[in-house]
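Taken together, the values in this text are just the output of simple stated rules run on the coordinates, not laboratory data. Model, not experiment: these values are computed from the prediction. Virtual Cβ from ideal backbone geometry, glycine too; neighbours counted across all protein chains shown.
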Amino acid sequence: MNKSDLISRVAEATGHTKKTVESTLVGILEEIKRELVAGEKVSLPGFGNFDVRERKERQGLNPSTGEKMLIPASKNVKFTPGTQLKDAIKNS
């Protein structure tokens, strides 16, 4: 499913226009992004949690040459599914 499919399905399920659903979805995603950039955790009970995790700088190997290389520190978003989402997938 892509963004267009999601918008179409939500519009059909709720009776709202695709334009309304799209602007709402874009607004929700922007707010989630804004909170994560600010270093905050986003919790959606029943669905899951989004959190920013920092990875430390570490040694790695270049797969082509086998040479050691330094992998720089980075920030990544981690999603942890909620219990209701886990159960829905497990029982499907």
(request) Select from 1, 20, 69 the residue farthest towards the positive end of the dipole of the chain; place +1 on Cβ of Lys and Arg, -1 on Cβ of Asp and Glu, and compute about the Cα centre. (result) 69
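Sort region 1-40 into rounded, prolate or oblate with this rule: let a ≥ b ≥ c be the square roots of the eigenvalues of the Cα gyration tensor; rounded if a/c is under 1.5, and if a/c is not under 1.5, prolate when a/b is larger than b/c, oblate otherwise. Intermediate values should be presented prior to the final figure.
Details: a/c = 3.54, a/b = 2.41, b/c = 1.47.
In terms of gyration-tensor shape, prolate.
If you place +1 on the Cβ of every Lys and Arg and -1 on the Cβ of every Asp and Glu, how big does the dipole about the Cα centre of the chain come out, in debye to the nearest 20? Before the final figure, lay out each step's value.
Numbers: 16 positive and 12 negative charges, 49 e Å.
Dipole about the Cα centre, nearest 20: 240 debye.
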(request) Could you size up the charge dipole of region 1-40 around its Cα centre, putting +1 on the beta carbon of Lys and Arg and -1 on that of Asp and Glu, and report it in debye to the nearest 20? (result) 160
(request) As a check on your grasp of the helix formula, calculate [θ] at 222 nm for the chain: sum -39500 (n - 2.57) over DSSP H runs of n ≥ 4, divide by the residue count, round to the nearest 500. (result) -14000 deg cm²/dmol
(request) Run down the lysines and flag those whose C-alpha is under 28 Å from the C-alpha of residue 75, throwing out any fewer than 8 positions away in its chain. (result) 3, 33, 41, 56, 86
(request) For percent of Cα pairs over 21 Å apart, several values are listed as (i) 48; (ii) 32; (iii) 58; flag the one computed from this structure. (result) (iii)
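Please order 24, 83 by the number of other Cβ within 10 Å, starting at the fewest. It would help to have the intermediate numbers written out before the result.
Details: 24 14, 83 11.
Ascending Cβ contact count within 10 Å gives the list 83, 24.
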